[in-house]
Amino acid sequence: MRLQHSKGFKAPQNSSQALPEKAKSMDIPFVKMQGAGNDYVYVITNDCPPRTEQLVRKMSDRHFGIGGDGVVFILPPRQHGAADVRMRMFNQDGSEAEMCGNAVRCVGKLAFDRGLAWTPCVRVETAGGIKDVTLRFEGGSPCGARVNMGCPVFDTELVPLALPESASSFINLPVDAGNDSVRITAVSMGNPHAVLFVDDAESADVHGLGRRLETHPLFPRRTNVEFVQVLNRDSIRLRVWERGAGETLACGTGSCAALAACVVNGLTNPSISIHLPGGTLQAEWPDQDGPIFLSGPAETVFTGVWHEA
């Protein structure tokens, strides 16, 4: 079966699309990859398989499945020549997300490794727009990338926020979340984020407060939540509660949202190191009318075949 791709490369012969929906079983080749500890299962295919949400939950399970923060399907682009590949990203709970900054680096690496892209600058179509992934190499193999993540959006209608009255932005404003009243900055990086500043990221109530803010009525599409500890003008410590996945070791769009919130609140320079539980990322926002660039690792962990009965 041939992948319907501008360069004519092949999808795996035993991929999920080789069998009809009512088939009793299917074999799905996959690649487990991680970027700063943000780990996903990657599947190259012509289309997402039947019962995608159920399958994602099973594959992502860390005890009974492959284990990961979710599953990313690498697909042909919608429009010929517009991008090298398209990614659809599903969280651990089966819900679909617009984008993931760590996953898009891994998609760029895998596309290059498998011959779906021919140059070190891989164009990846996402639900949050087309992202340019510039690979970096070590020993002739891609080991990471710098990604144009697009412009941060503070417009409350676009984040989006459910506000009783119109407001152009929501920057360092109070929100009641159960027993806590916190101040957040709301920003979209193609997906919604609520950024709050804490004295100590390690002791922050990421699981309790993160869960409450994720499903807060202020966010009609739920939200990712960033807990930012500013270390100095050039670096921050960050923990992230991801929508549909819980706390993860790293979050690319969350790192960009954190940088944007730091800059608009006057807390850091526009180029910083971001220290996450899974590693360190570099984020730059050289022009506040332009995009944020995010740099970090992309690594293959193992490959295998998932047998779906």
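The values are calculated or read from the model by the stated rules, or taken from the named source; none is laboratory data. This is a predicted model, so every value here is computed, not measured. Please note: Cβ atoms are built from the backbone with ideal geometry, for glycine as well, and neighbour counts cover all protein chains shown.
Any idea which residue in the stretch 7-27 is modelled with the highest pLDDT, counting only those that are closer than 28 Å to Gly144 by Cβ and crowded, with 16+ Cβ neighbours inside 10 Å? My answer is Ala11. Residues of the stretch 231-264 that are surrounded by fewer than 18 Cβ atoms within 10 Å (Cβ to Cβ) and among the polar types (S, T, N, Q): Asn232, Ser235.
Note on the stretch 105-189: enclosed strands (runs of 3 or more DSSP E) holding 2 or more residues that are under 19 Å from Ile44 (Cα atoms), modelled with pLDDT of 95 or more and in contact with a helix residue (DSSP H, G or I) (Cβ under 7 Å, 6 or more places away or on another chain) are 121-126, 129-138.
Checking the stated criteria, Ala298 turns out to be surrounded by 16 or more Cβ atoms within 10 Å (Cβ to Cβ) and either more than 20 Å from the chain's Cα centre (by Cα) or under 22 Å from Gly68 (Cα atoms) (or both). Would you confirm whether any residue within the stretch 114-133 is surrounded by fewer than 17 Cβ atoms within 10 Å (Cβ to Cβ), among the aromatic types (Phe, Trp, Tyr) and out of contact with any Phe, Trp or Tyr (no Cβ under 9 Å at 6 or more places or on another chain)? Taking every residue of the stretch 114-133 in turn, none turns out to be surrounded by fewer than 17 Cβ atoms within 10 Å (Cβ to Cβ), among the aromatic types (Phe, Trp, Tyr) and out of contact with any Phe, Trp or Tyr (no Cβ under 9 Å at 6 or more places or on another chain). Any residue at all in the stretch 221-230 that's modelled with pLDDT of 95 or more, farther than 28 Å from Lys58 by Cα and surrounded by fewer than 15 Cβ atoms within 10 Å (Cβ to Cβ)? Within the stretch 221-230 (the criterion being modelled with pLDDT of 95 or more, farther than 28 Å from Lys58 by Cα and surrounded by fewer than 15 Cβ atoms within 10 Å (Cβ to Cβ)), the answer is no, since none of the residues qualifies. Among the residues making up the stretch 78-99, those that are in contact with a Gly (Cβ under 6 Å, 6 or more places away or on another chain) and of a type outside the set (D, E, K, R) are Phe90, Asn91, Gln92, Ser95, Met99. If you go through the stretch 180-220 and keep only what is polar (S, T, N, Q) and touching a Gly at 6+ places or on another chain (Cβ under 8 Å), you end up with just Asn191. When Cys121, Cys100 are screened for being within 14 Å of the chain's Cα centre (by Cα) and assigned by TED's automatic domain parsing to the domain that holds Asn38, only Cys100 passes.
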